[in-house]
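First the structure, in the form of structure tokens, and then the observations on it.
The values are calculated or read from the model by the stated rules, or taken from the named source; none is laboratory data. Here the structure is a predicted model, which means the values were calculated and not measured. Virtual Cβ from ideal backbone geometry, glycine too; neighbours counted across all protein chains shown.
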Amino acid sequence: MPDMLQKISEIVSETTGNDPAEMSADSDLIEDLNFSDVEFKRLVVAVNKHFHISLNSREANLEEIQTLGEFADIVAEETELG
């Protein structure tokens, strides 16, 4: 999981400009990282491309996922199923 969290943090940085050094598994996507719905959708697209997976907005949305760690867990699970 730490490797996945690190990679997700790098993708978040590329997508939003947030500093990966300031991110942790407990970082709140809205409160700490200032994600909007549009930015989160961009992140999902970037993650899908990077990991060759197919998360969609029903599986991955800001109403269900609150932290970076939760999102990394979903991506890790999807990559294992892929």
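Listing for the model above:
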quantity	calculated
Residue in the stretch 35-47 that is surrounded by fewer than 16 Cβ atoms within 10 Å (Cβ to Cβ), under 12 Å from the mean Cα position of the chain (by Cα) and of a type in the set (Ser, Thr, Tyr) present	no
Candidate set: the stretch 1-56, residues that are in a loop (DSSP other than H, G, I, E, B) and among the small types (Gly, Ala, Ser); chosen: the one nearest to Thr79 (Cα to Cα)	Ser54
Any hit, the stretch 57-68, residues being closer than 14 Å to Ile11 by Cβ and touching a residue at least 24 places away in the same chain (Cβ under 8 Å)	yes
Residue in the stretch 42-82 that is farthest from Ser24 (Cα to Cα), counting only those that are modelled with pLDDT of 90 or more and among the small types (Gly, Ala, Ser)	Ser54
